[in-house]
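Please read the structure below before turning to the comments.
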Amino acid sequence: MLSLLIWGPLFGTALIALLPAAVMTPARARQIALVVAAGVLLWTGYLVMQFDPNLPGLQFRESLSWVDSLGLTYQLGVDGLSLPLIVINSLLVLMALVATDLNLTRPRLYYSLVLILEAGVAGAFVAQNLLLFFLFYEVELIPLYLMIAIWGGAKRGYAATKFLIYTAISGVLMLAAFFGLSFLSGSHSFDYDGLQAQALPMATQLVLLITLVVAFGIKIPLVPFHTWLPDAHVEAPTPASVLLAGVLLKLGTYGLLKFGFGLFPEAWQLIAPGLAVVAVINVLYGSFVAIAQTDMKKIVAYSSVGHMGYVILASAAATPLALMGAIAQMISHGLISALLFLLVGVVYSKTGTRDVTVLRGLLAPECGMPLIGSLMIVGVMASAGIPGMVGFIAEFIVYRASFPVFPIQTILSMLGTGLTAVYFLNLVNRVFFGRMTESLAQLPRIAWRDRIPSIVMVVLVIFLGLQPDWLVHWSKSTTLALSEVNRTATALMLPDSEP
Amino acid sequence: MNQFLIQTAWWVPAYGLLGALLTLPWSIGLIRRTGPRPAAYFNLLMTVLALVHCVALLNDIWDLPVLHIDMPWFRILDLNLYLSLQISRVSVGAAILITGLSLLAQVFALGYLEKDWGLARFYALMGFFEGAMSGLALSDSLFFSYALLEMLTLSTYLLVGFWYAQPLVVKAARDAFLTKRVGDLLLLMGVVAVSTIAGTLDFAELTAWAKTADLAPLTANLLGLALIFGPIGKCAQFPLNLWLDEAMEGPNPASIMRNSVVVACGAYVLIQMQPLLALSPLALTTLMALGAVTAVGASLVAIAQIDIKRALSHTTSAYLGLVFLAVGMQQNEVALLFLFTHAVGKALQFMSVGSIILTTSTQDLREMGGLAGRMPATTSAFVVGSLACVALVPLGSFWSMQEWANRFWLGAPIFVGMLLVVNGLTAFNLTRVFGLVFWGDPQPKTRRAPEAPWLIATPMVALMVIVLLVPVMLWRWGLLPTWSQINWTTVALLVTSGAVGVTAGGLLYLGDRRAQLQGNGWKGIQTLLAQDFCMEQIYRLSIILGVQQGSRLTAWIDRYIVDGAVNLLGFASILGGETLKYTISGQAKHYLLTVFFGVVLGVVCLTWVF
């Protein structure tokens, strides 16, 4: 069942790429990509319906042996941690495809790449073998690199290479940690289940865990490994930005929780305070830098750096509620950042600039873009944590859960929501308020194609904000089970303190 | 019927939100053919329903004890969030006040914004505004109240920014949002902490918890301080007071609500949090100190304003300062009474001001004059509203002020003196505004001023009647003191202070027009007051500068140090490659030798480390 999430998009890719150009016109390539992505989304929906939220472990498991001598097996499965992220992936790919410009160059390559990306990300989220995860993690890198390098902005070469090198280093470190874990523990298997219980000396565990944290920290991104992100976002075409911020960053936090916290619960306890401090730095640093930016995409990109900090904070706290908060914040950030990038993309494609010092008065009713502006206000307010939208409840869970563990760090990172209000309010005030300048008066018409993805996102953001049960329903049992591991680990480390 | 009304009490806030939702097709431009009017009618209908529901509910529960309705909203692991409602005379009464004033303001807006293309958007926001406020009135959970306060912040931002094409409006909207946001953020910290420490966010349970709670003084003080800052922002108290003044750039019907009930919402939450605040003497003292500073400071600042709306909005801050003092002294009944009488009086004043602004197209006091004969309804509304706001004749505020003075008379007489000063200054200010607007010779902009159209006049006159009836209502509710309970000393003092204010104002501003505007040699003080004691400059030099420079510095570090290091590394490796390529000889043995040395070096390093 899960294989379809991977092979479905790949089949679409094959169709688009291999059929002769005479048959595969750009319009048809787009149609096929849309149909495949919609099919995957429906299939994901079906999986969600079939998913039993009361079971803590993996569901829909698939297991095939592949390269046994290496310990590489084709093990798939999904739990409450990965399921919401798979949904986000399927959803955002479809939205990104809808939002794609009709007249882009080399459409067949583009649509093939997007579908490969979808397959790679889905594969990484369902892989239950460390090497398999690594493979998918690397697979996802190539299409994104090409998307930035081919359809990107002026400095796309620099940005794409930077992205490639950073992510490759992340992959190498991750691979090193996986090898170390497997060989040092003497299991020679990379199956997630087999590795979980291995007990290594604490020093080794720490070295491996810190390697993993750096590896995933590049992806999340943690300050100071973040500088690839703004460049990549600024140069990437809108759909790539949407997927990058909405889904790909979550690979980092997902990996951190699944492999860092899940495999090294004892060592996690030791680095958690440090991680919480890093989280605060991420939040404040990202927010402060965002205030000083003038490029709309850069503002949203740095806000991603800040908001991913909340996921780190909650992961460091690692109580059941905190893990719940981490998952909720991942989903919330996925939706909100995707929404913001979609909207910035529309503004950019219609006005030709993203500079907040140039744009003005876009909310104007007749010649401006009032609907896009209104959606932008919703998105911005959701990001700033206004209640009634998903950003608030996710952040509230994070704060509420992290406060008992790290009170000072939580209070400090709460300042981030205030700063979010500052930079996003400045953005809205400058770009959408005020009197429209003459040079902007002749904007091209906005098609419904441009609006629909954002409208879907806004509806989801508000719906999940009012009905947060849907946000967390799937993950309760998994988070409880995950933190149970953690509690046992604490009990092992401090045998006397537990009653 | 009884049970049904009580069980459906949560509809009251929902009506407003539903109204806002129904206007969407018009406000985003899906329906253009009908014009925006139908959206307004939907909202009016919803507000009427909310009002009727509230009134029927109040009628039903009048004799019942306080009811508590738990509505579980979100439950996850050990976190339970409720949207609890409290059904009591006070809460439903507050909801009636809100929906009633909202109804009047919305009818008023039909006339005021008649030709505005954004009418539907305005009504959507008003519905949202009203829903959030009536929810706040009924809320019995700190979490719910916090969420609604934030929604109020958002809708204030959008309402102030309604005419977003004007630069002043954009700035005002931003300042309103960010200033309130500072307060909200601190409140959120408090909410998170309370939820962790007390394990509940329900006001009733928190009250019970606070009685037995044993907190470290530092924790209690920090908690109390965090909690009071939300209301401070919302009620425009020093040091978060400037937004209200700037918010007067927004459309007037929203100002009616903002100056009467919106600011009161903050104080209302403060009153509900009072048991928690009582844990921290420092928080109560801070509350009183800030309230006192605002009461006197804002009354002084109000006198120097030349914008008619700003002149009145500062007195709102001042009166809310008095409410803060009452809460600080743990006199919640007086605080509530004060909020009520102030709300209706101030709403009436702002309706009258709206009528003036619409007719004359100016907000500048210096450009007005001689309107008394031309706009009789507006004039009488202003006079009645003003009299209801000061203690001179026995209208609303007279009774709340004398009650206020009685409660402070024994404990803290110095505050009674302060009340007299505020009352006197406000009376002076209102007389000044009256003199400049309604008295004297007509100015170019007021020469051809007709009375306001009926859509404006009707709600204004209706509210005027209500304001006049307030003493009767108080009497019916048993809130008036009996003849023997009246402290005649305070009454005499209050009336004297009001009379002194009116007389001084009359002497200065009811006379010859030219004399008033030049004359006095107090230029320096006047400028200082007109600029709100340079508060804005102080903000700019402190917190704004801090954030700005901090962000610039971080961005610089990001660009030149963090990213610079990365680029340097990249540059170094390219340079290294480019340089080393000249050493290539093409002979395999050299390569093997290099590889060999490299491996040796690596092995040495590894053995060295371990």
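Quick notes on this structure:
- For the range B:222-259, the set of residues classified as in contact with a Leu (Cβ under 6 Å, 6 or more places away or on another chain) and of a type in the set (Gly, Ala, Ser) consists of B:Gly224, B:Ala226, B:Gly230, B:Gly233, B:Ala236, B:Gly250, B:Ala254, listed by residue number.
- Elements of type strands (runs of 3 or more DSSP E) contained in the range B:41-138, each with 2 or more residues being away from every other protein chain (no Cβ under 14 Å) and of a type outside the set (Phe, Trp, Tyr): B:67-69, B:85-87
- Qualifying positions in the range B:302-345 - free of Cβ contacts under 8 Å to residues at least 60 places away in the same chain and small (Gly, Ala, Ser): B:Gly328
- Some residue of the range A:175-195 being touching a residue at least 24 places away in the same chain (Cβ under 8 Å), within 14 Å of chain B (Cβ to nearest Cβ), in contact with a Gly (Cβ under 8 Å, 6 or more places away or on another chain) and assigned to a helix (DSSP H, G or I): no
- For the range A:350-368, residues that are more than 8 Å from chain B (Cβ to nearest Cβ), touching a Phe, Trp or Tyr at 6+ places or on another chain (Cβ under 8 Å) and either among the polar types (S, T, N, Q) or free of Cβ contacts under 8 Å to residues at least 24 places away in the same chain (or both) total 0.
- Hey, B:Ala220 surrounded by fewer than 24 Cβ atoms within 10 Å (Cβ to Cβ) and over 16 Å from B:Leu284 (Cα atoms) or not: no
- Answer residue from the range A:369-400, given it is more than 18 Å from A:Gly465 (Cα to Cα) and facing another protein chain (nearest Cβ under 10 Å) and is nearest to the chain's Cα centre (by Cα) among those: A:Gly373
- Residue that is farthest from the chain's Cα centre (by Cα) [pool: residues in the range A:98-119 that are part of a helix (DSSP H, G or I) and β-branched (Val, Ile, Thr)]: A:Val98
- Test: residue in the range B:342-365 that is on the phi > 0 side of the Ramachandran plot, among the polar types (S, T, N, Q) and in the same structural domain as B:Leu494 (by TED's automatic domain parsing): yes
- Candidates B:Val384, B:Val422, B:Val416, B:Val433, filtered to the one that is farther than 19 Å from B:Phe338 by Cα, part of a helix (DSSP H, G or I) and β-branched (Val, Ile, Thr): B:Val433
- Of the listed requirements (1) farther than 24 Å from B:Val90 by Cβ; (2) without any contact (Cβ under 8 Å) to a residue 12 or more places away in the chain; (3) more than 10 Å from chain A (Cβ to nearest Cβ), B:Thr196 misses just one: (3).
- Candidates B:Leu592, B:Leu569, filtered to the one that is of a type outside the set (S, T, N, Q) and within 20 Å of A:Leu222 (Cα to Cα): B:Leu569
- Residue in the range A:388-400 that is under 21 Å from A:Leu460 (Cα atoms) and at pLDDT below 90 present: yes
- For the range A:384-424, residues that are small (Gly, Ala, Ser), crowded, with 24+ Cβ neighbours inside 10 Å and closer than 28 Å to B:Phe129 by Cα total 6.
- If you go through the range A:333-363 and keep only what is hydroxyl-bearing (Ser, Thr, Tyr) and not in a loop (DSSP other than H, G, I, E, B), you end up with A:Ser337, A:Tyr348, A:Ser349, A:Thr351.
Every residue, every condition in (1) surrounded by fewer than 22 Cβ atoms within 10 Å (Cβ to Cβ); (2) of a type in the set (Phe, Trp, Tyr); (3) touching a Leu at 6+ places or on another chain (Cβ under 9 Å), yes or no:
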| residue | (1), (2), (3) |
| --- | --- |
| B:Ala132 | no, no, yes |
| B:Ser155 | no, no, yes |
| B:Tyr164 | no, yes, yes |
| B:Val192 | no, no, no |
| B:Glu205 | yes, no, no |
| B:Asp214 | yes, no, no |
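- Residue-level check: of (1) within 15 Å of the chain's Cα centre (by Cα); (2) more than 14 Å from chain A (Cβ to nearest Cβ); (3) among the aliphatic types (A, V, I, L, M), B:Ala208 misses just (1).
- Residue that is farthest from B:Ala247 (Cα to Cα) [pool: residues in the range B:142-169 that are over 18 Å from the mean Cα position of the chain (by Cα) and within 9 Å of another protein chain (Cβ to nearest Cβ)]: B:Phe143
- Residue selection: A:Met414 satisfies the criterion of being free of Cβ contacts under 8 Å to residues at least 24 places away in the same chain and either more than 25 Å from A:Trp474 (Cβ to Cβ) or facing chain B (nearest Cβ under 9 Å) (or both).
- Residue match in the range A:260-268 (condition: part of a helix (DSSP H, G or I), of a type in the set (Gly, Ala, Ser), in contact with a helix residue (DSSP H, G or I) (Cβ under 9 Å, 6 or more places away or on another chain) and under 25 Å from B:Val562 (Cα atoms)): no
- Filtering the range B:25-40 to residues that are among the hydroxyl-bearing types (Ser, Thr, Tyr) and within 11 Å of chain A (Cβ to nearest Cβ) leaves only B:Ser27.
- Selected residue [over 19 Å from the mean Cα position of the chain (by Cα), modelled with pLDDT under 90, surrounded by fewer than 21 Cβ atoms within 10 Å (Cβ to Cβ) and aliphatic (A, V, I, L, M)] from A:Leu440, A:Leu482: A:Leu440
- Close contacts from the range A:418-440, counting a first residue that is at the interface with chain B (Cβ under 7 Å from one of its Cβ atoms) and a second that is polar (S, T, N, Q) and outside any helix (DSSP H, G or I), with Cβ to Cβ under 8 Å and a gap of 6+ residues or different chains, come to A:Arg435/B:Gln166.
Condition check ((1) buried (at least 24 other Cβ atoms within 10 Å of the Cβ); (2) more than 14 Å from every other protein chain (Cβ to nearest Cβ)) across all residues:
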residue	(1), (2)
A:Gly246	yes, yes
A:Gly260	yes, yes
A:Gly274	no, yes
A:Thr294	no, no
A:Val305	yes, no
A:Ser315	yes, yes
A:Gly345	yes, yes
A:Tyr348	no, yes
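- The residues of the range B:176-193 that are within 12 Å of the chain's Cα centre (by Cα) and more than 7 Å from every other protein chain (Cβ to nearest Cβ), listed by number, are B:Ala176, B:Thr179, B:Lys180, B:Gly183, B:Asp184.
- Any hit, the range B:2-12, residues being assigned to a loop (DSSP other than H, G, I, E, B), within 24 Å of B:Val90 (Cβ to Cβ), of a type in the set (S, T, N, Q) and out of contact with any Pro (no Cβ under 8 Å at 6 or more places or on another chain): yes
- Any chance B:Ala226 is within 14 Å of chain A (Cβ to nearest Cβ) and either touching a strand residue (DSSP E or B) at 6+ places or on another chain (Cβ under 9 Å) or assigned to a helix (DSSP H, G or I) (or both): yes
The values are calculated or read from the model by the stated rules, or taken from the named source; none is laboratory data. All values derive from a computational prediction rather than experimental measurement. A quick note on method: Cβ atoms are made from the backbone with ideal geometry, for glycine too, and the neighbour counts reach across all protein chains shown.
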